[in-house]
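A quick write-up on the structure given underneath.
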Amino acid sequence: QVQLVESGGGLVQAGGSLRLSCTASGDVFSINAMGWYRQAPGKQRELVAAITSAGSTKYADSVKGRFTISRDNAKNTVYLQMNSLKPDDTAVYYCNAENIVIDYWGQGTQVTVSS
């Protein structure tokens, strides 16, 4: 089992920045990759960014150049630095950790970007 605890959401004006954190505990050695997803009202959950245990990253086209995902393996923590935020980035952001068997999810943190 893996437990994920997120922090860092909030309200910010357009053009501002936020940093999300997600700390994993439990069977962390089974984790292959971690990432961030988001879900806006009335929309499907979508991948924002992901990072493998080897450090390879991928991003949604909509956030490339604005968001950066990173991880601190010593702290079992993954970060999402979000710059130049837009109102369209408003959503609940969920941390995800995957191994070869199952996906684990955090409880979600609200990010609201005002225009």
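The values are calculated or read from the model by the stated rules, or taken from the named source; none is laboratory data. Quick caveat: nothing in here was measured; it's all calculated off a predicted structure. We place every Cβ from the backbone using ideal geometry, glycine too, and count neighbours over all the protein chains shown. The accessibility values were calculated without ligands, DNA or RNA, using every heavy atom of the protein model including side chains. Shrake-Rupley method; radii C 1.70, N 1.55, O 1.52, S 1.80 Å.
Numbers for the structure displayed
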quantity	calculated
Residue identified as outside any helix (DSSP H, G or I), in contact with a Leu (Cβ under 8 Å, 6 or more places away or on another chain) and either closer than 20 Å to V2 by Cα or open to solvent by 70 Å² or more (accessible area, probe 1.4 Å) (or both) among A54, A50, A97	A97
Test: residue in region 65-74 that is closer than 16 Å to S7 by Cβ and surrounded by fewer than 15 Cβ atoms within 10 Å (Cβ to Cβ)	yes
Residues of region 75-85 classified as on the phi < 0 side of the Ramachandran plot and exposed (fewer than 15 other Cβ atoms within 10 Å of the Cβ), total	2
So Y93, is it in contact (Cβ under 8 Å) with a residue 60 or more places away in the chain, among the hydroxyl-bearing types (S, T, Y) and in contact with a strand residue (DSSP E or B) (Cβ under 9 Å, 6 or more places away or on another chain)	yes
Which listed residue is modelled with pLDDT under 95 and assigned to a strand (DSSP E or B), from R71, R38, R19	R71
Those residues of region 1-16 which are more than 16 Å from T77 (Cβ to Cβ), part of a strand (DSSP E or B) and open to solvent by 60 Å² or more (accessible area, probe 1.4 Å), in sequence order	L11, Q13
Pairs where the first residue, in region 61-75, is without any contact (Cβ under 8 Å) to a residue 60 or more places away in the chain and the second is in a strand (DSSP E or B) and among the polar types (S, T, N, Q), C-beta under 6 Å, 6+ apart	T68/Q81; I69/T57
Scan of region 32-47 for residues that are open to solvent by less than 20 Å² (accessible area, probe 1.4 Å) and within 12 Å of E98 (Cβ to Cβ), ordered by number	A33, M34, G35
Residues (part of a strand (DSSP E or B) and either at pLDDT 95 or above or surrounded by 20 or more Cβ atoms within 10 Å (Cβ to Cβ) (or both)) located in region 100-109	Y104, W105, T109
